[in-house]
Amino acid sequence: MKIDIVTIFPDFFTSPLDASILARARREKLVEIESHDLRDFAWDRHKTVDDTPYGGGGGMLLKTEPVMRAWETLELGRGLCIYLSADGQLLDQKVAAELSLQKHLVLLCGHYKGIDERIRQHCIDREISIGDYVLTGGEPAALVLIDAVVRLIPGVLGNFSSALDDSFHEDLLDCPWYTRPVEVRGENVPDVLLSGNHREVRNWRRQQALRRTFERRPDLLDKADLDEAEKQLIKKWSKE
């Protein structure tokens with residue numbers, strides 16, 4: 001996969017992309033990530049990329065010319081072009097999985113008040129938000145999206161099955177997990193996890209994930225694929 005980032009703060013990405021799983025994925029050529037400074041595509045000697053909005057109002061908007069020039073010069077239109085925006089579709093695990101199948105992603109990081117609407121019309125295929133709140137720019141959101149997507153590319157994680165066990169993979173939160181030692185300050189690992197019975201372990205984890213979702217994010221249960229026994233279990237918990 002190739003990911004191009006268009007931003008006015010390319011240095012923002014240097015440290016995160018050179019650490020941990022993202023760094024390893026880049027070293028092993030599983031993903032190519034490049035950030036482009038939008039100011040390099042400005043026309044004037046001051047490298048101006050923003051201006052005040054017509055009709056008045058606070059804030060500044062990214063101008064059309066630098067963005068469109070970047071798109072044309074770098075041929076970014078060949079990829080799936082995403083604008084990180086509070087107005088966009090909420091990024092969830094299903095969206096991340098869908099994007100992980102793309103060969104080329106282009107991420108435009110907005111700043112200030114936002115972008116000229118004509119950029120949306122001519123350059124953007126999709127808008128994505130990471131939550132119902134406002135950031136100072138799209139750079140943190142781009143990093144979240146990159147991490148969520150890249151880890152789903154086969155070969156990036158040492159054990160791909162760990163990604164399949166993550167929260168939200170089946171529209172449920174994750175179950176509790178334990179590691180050594182067996183006993184910590186009087187609290188023991190549940191016996192079922194020590195039993196060696198893989199079927200019982202799977203059933204326990206599924207029920208624990210269901211319970212945690214019921215307690216913390218019941219809104220997710222409307223989307224989850226539940227069997228009749230699980231639906232009855234939720235009804236039982238609701239009456240407690």
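Which net charge results for the neighbourhood of residue 194, defined as the other residues with beta-carbon distances under 12 angstrom from its beta-carbon, given Lys and Arg at +1 and Asp and Glu at -1?
-2
Where does the charge balance sit around residue 14 when Lys and Arg score +1, Asp and Glu -1, over other residues with C-beta under 14 Å from its C-beta?
Values: positive: 26; negative: 11, 18, 34, 37, 139.
Charge balance in the 14 Å sphere: -4.
Roughly speaking, what is the stretch gain from residue 29 to residue 122, that is 0.36 nm per residue apart minus the C-alpha to C-alpha distance, in nm to one decimal?
Computed gain between residue 29 and residue 122 is 30.4 nm.
Only four residue types carry charge here, +1 at the Cβ of Lys and Arg and -1 at the Cβ of Asp and Glu. Report the dipole size of the range 2-150 about the Cα centre in Debye, rounded to the nearest 20.
Roughly 260 debye for the range 2-150.
Can you put 46, 111 in order of Cβ neighbours within 10 angstrom, beginning with the fewest?
Listed from fewest to most nearby Cβ atoms, that is 46, 111.
Tally Lys and Arg at +1 and Asp and Glu at -1 over the other residues with C-beta under 12 Å from the C-beta of residue 41: what net charge comes out?
-1
Figure the gain on full extension for residue 90 and residue 231 (residue separation times 0.36 nm, minus the Cα-Cα span) and round it to one decimal in nm.
Details: separation 141, 0.36 × 141 = 50.76 nm, distance 2.67 nm.
Roughly 48.1 nm would be gained on extension.
Pull up all non-local amide H partners of residue 3: gap of 5 or more, or a different chain, and H-to-H distance under 5 Å with H placed in the peptide plane.
The answer is 32, 33, 34, 105.
Taking H as built 1.01 Å from N, whose amide H comes closer than 5 Å to the amide H of residue 129, not counting residues under 5 places away?
Hits under the 5 Å cutoff: 85, 88, 89, 90, 91.
What list of ³J(HN,Hα) couplings, whole Hz, do you get for the range 95-103 from phi and the Karplus terms 6.51, -1.76, 1.60, once you set θ to phi - 60° and write x for glycine and proline?
Going residue by residue, I get 5, 4, 5, 5, 5, 5, 8, 6, 8 Hz, with x marking Gly and Pro.
What are the ³J(HN,Hα) values, in whole Hz, obtained from phi via the Karplus relation 6.51 cos²θ - 1.76 cosθ + 1.60 with θ = phi - 60°, for each residue of the range 134-142 in sequence order, with x given for Gly and Pro?
10, 9, 6, x, x, 4, x, 5, 4
Rounded to the nearest 500, what is the chain's calculated 222 nm mean residue ellipticity when only DSSP H runs of at least 4 contribute -39500 (n - 2.57) each, over all residues? The partial results should precede the final answer.
Values: 10 runs with 88 residues, N = 240.
Value at 222 nm, helices only, nearest 500: -10500 deg cm²/dmol.
Using Cα atoms only, what is the angle between the long axis of helix 228-239 and the major principal axis of the chain, expressed in degrees (0 to 90) to the nearest 10?
90 degrees
Dipole of the chain (Lys/Arg Cβ +1, Asp/Glu Cβ -1, origin at the Cα centre): which of 220, 42, 53 lies farthest to the positive side?
The one lying farthest along the dipole's positive direction is 220.
If you plug each phi of the range 34-50 into the Karplus form 6.51 cos²θ - 1.76 cosθ + 1.60 with θ = phi - 60°, what whole-Hz ³J(HN,Hα) values come out, in order, with x for Gly and Pro?
The phi angles translate into 9, 9, 10, 7, 4, 5, 5, 10, 7, 7, 8, 6, 8, 6, 6, 10, 9 Hz.
Let me know the shape class of the range 87-129, please: from the alpha-carbon gyration tensor, a ≥ b ≥ c as square roots of the eigenvalues, rounded when a/c is under 1.5, otherwise prolate if a/b is greater than b/c, or oblate.
prolate
How many percent of DSSP beta bridges within the chain run antiparallel, rounded to 5?
Here the share of antiparallel DSSP bridges comes out near 20 percent.
Of 141, 16, 71, which is farthest along the charge dipole of the chain in the positive direction, counting Lys and Arg as +1 and Asp and Glu as -1 at C-beta?
Toward the positive end, the furthest listed residue is 16.
Bear in mind these aren't lab numbers, they're just calculated from the coordinates by the rules spelled out. Since we're looking at a predicted model, the values are computed, not measured. For neighbour counting, all protein chains shown are included, and Cβ atoms are generated from backbone atoms with ideal geometry for every residue, glycine included.
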